[in-house]
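Scroll down for the structure; my scribbles are underneath it.
The values are calculated or read from the model by the stated rules, or taken from the named source; none is laboratory data. These numbers were taken from a predicted model, which means no experiment stands behind them. Here the Cβ is made from the backbone with ideal geometry for all residues, glycine too, and neighbour counts use every protein chain on show.
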Amino acid sequence: MSELIDQPITAHNEPEDTPELRALYDAFDAEHLIPLWKEIGDLMPMAPSSSAQPHLWRWSTLHPLAAKSGDLVPVGRGGERRAIALANPGLSGRPYATPTLWAAIQYLGPRETAPEHRHTQNAFRFVVEGEGVWTVVNGDPVAMRRGDFLLTPGWNFHGHHNDTDAPMAWIDGLDIPFVHYTDTAFFEFGPDEVSTRETPERSRAERLWCYPGLRPLSALEPQHNSPIPAYRWEYTDRALSEQLALEDEGFAVTVEPGHAAVRYTNPTTGADVMSTIRAEFHRVRAGHQTAGRREVGSAVFQVFNGEGTVVLGDVEHRVGTGDLFVVPSWVTLSVQAETELDLFRFSDTPIFERLHQDRVEVDRTDGSRS
Ligand code: GTQ
Ligand code: FE2
C-alpha cells in the first residue's frame, strides 16, 4: 500500500448528530442532493481504487461452457453473436471485464455464420487456438488463425463464417463499457448472411497494407484506426524471438532483461491500433520475473502459451494457456515465467493518454518505485 493511502484522515468537520442534522440530511435526500463531505473519500481518492477486481478466468472452464452454448444456443440475427462476456465480480453484474473494456469468448460451430452488422464500438479478435473462420470486414474476408490479432474498428460492417466442419473459439475485445457510459453507441444491421463466403489466404487489405515500412501512395493520409485487418502470428512470433536473440548477442533491445514485448500499431500514424484500445504481446523467458508495474487504466491479458504465476496486487495465480485475467487501474502486476511465457495484452490506455491522465510506476529491483 502506498504511504498516501495510509495517511491519517482527520475528520475536522464531523457535525454533532442532532434531530436538526438528520432533518437536513433527509431534506438533501428528498431534493436529490448529496453533500461532498460524505463522499469525498470515494469520489476523490489519493490514488485510483477501482471497484473492478483483479480476476482470473480459466480457459479450461470457459471453453467447455462456450462449446455447450454451441449445442444449445443458435447464432443469428437479434442476438448477433454467440459471445460470452467475462463479467468482473466488482462491476455489479454488468458484462464488463473492466470499467471500459469488454472481453468475451466467441464460439462458431461447423459451417455457422454470424450475421453482418456495424457499430461505433471498436473491436478486435485474438485467436488462442484453432482456425477456419473468416471474418468479413467491409466485404473483405480475413482468415483467423492461431496467434493472429484481427481488427474491426468502429463503423465497419463485419460478420463471421466458419468454413470448416470443426467449431472455433476466440476472444473478442471491445470498448463496449466505455461507449455505453459515454452514450456514444450507434448500431446498424447488415445482411443476415455474410456478404461473401470466399476464403482467401490473404485479405485485400493485407495485400495492400502488410509490407513493413511500405505504404501505398494512394493512402498517405493518417487514419485514426489501423487499416491492417490482421496482425499475423508469424510476424509477432518472429519479432519477439529476434528481440530475445539480439539480447543473447549483447544488445539491450528488450523492455527489461528476459522480457521481449511489441505493441500492435497503426502504420499510418505509428500510434495504437484503435483510438480506445492498445494491444501488445509479451514474451518472458523461462525463470524470469517481470518488474512490478502499475498504470492508470485497465488491462486484460490472455496467456497464449506457457505456464507461470501472475502476481496481481497481493494475489497470486498460477496460469496456463488460454487463461484470462484482469488488471484494474493502478493494481501492480508482476509475471513470473516458469516455462517461456507468451502473453497477449489489451488495455484502454490510449483514452487516458489523449486526456493527459496517464501515469505509470515501475518497481525498481532495489524495491523502490520510479
Ligand atoms: O463479433 O461482432 O463479443 O459485435 C460483442 C459484440 C463480438 C462481434 C462481441 C460484437 C461482436
Ligand atoms: Fe460486432
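What the table below lists for this structure:
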quantity	calculated
Within the range 7-120, strands (runs of 3 or more DSSP E) holding 2 or more residues that are more than 21 Å from Thr321 (Cα to Cα)	113-119
Qualifying residues in the range 93-149 (those that are more than 12 Å from ligand 1 (Cβ to nearest atom) and basic (Lys, Arg)) - the one nearest to Ile351 (Cα to Cα)	Arg94
Of the criteria (1) touching a Leu at 6+ places or on another chain (Cβ under 9 Å); (2) within 14 Å of ligand 2 (Cβ to nearest atom); (3) touching a residue at least 40 places away in the same chain (Cβ under 8 Å), which one Arg82 fails	(3)
Residue list for the range 54-79, restricted to those being within 16 Å of ligand 2 (Cβ to nearest atom) and either of a type in the set (Val, Ile, Thr) or in contact (Cβ under 8 Å) with a residue 60 or more places away in the chain (or both)	Val75, Gly76, Arg77
Which numbered condition Glu198 misses (of (1) loosely packed, with under 15 Cβ neighbours inside 10 Å; (2) within 14 Å of ligand 2 (Cβ to nearest atom))	(2)
Residue match in the range 175-195 (condition: more than 16 Å from ligand 1 (Cβ to nearest atom) and under 20 Å from Arg125 (Cα atoms))	no
Scan of the range 281-308 for residues that are surrounded by fewer than 20 Cβ atoms within 10 Å (Cβ to Cβ) and assigned to a strand (DSSP E or B), ordered by number	Gln289, Arg293, Asn305
Residue ID - surrounded by the fewest Cβ atoms within 10 Å (Cβ to Cβ), chosen from residues in the range 150-174 that are closer than 22 Å to Phe346 by Cβ and away from ligand 1 (no atom under 11 Å from the Cβ)	Trp155
Sole residue being within 16 Å of ligand 2 (Cβ to nearest atom) and in contact with a helix residue (DSSP H, G or I) (Cβ under 8 Å, 6 or more places away or on another chain), chosen from Val128, Val179, Val137	Val137
Residues located in the range 331-364, provided they are touching a helix residue (DSSP H, G or I) at 6+ places or on another chain (Cβ under 9 Å) and part of a helix (DSSP H, G or I)	Ile351
Residue ID - farthest from His161 (Cα to Cα), chosen from residues in the range 86-125 that are surrounded by fewer than 18 Cβ atoms within 10 Å (Cβ to Cβ) and within 16 Å of ligand 2 (Cβ to nearest atom)	Pro95
Any hit, the range 175-185, residues being at pLDDT 95 or above, touching a strand residue (DSSP E or B) at 6+ places or on another chain (Cβ under 8 Å) and not in a helix (DSSP H, G or I)	yes
Single match in Arg278, Arg232 (criterion: under 25 Å from Glu131 (Cα atoms), crowded, with 18+ Cβ neighbours inside 10 Å and in contact with a Ser or Thr (Cβ under 6 Å, 6 or more places away or on another chain))	Arg278
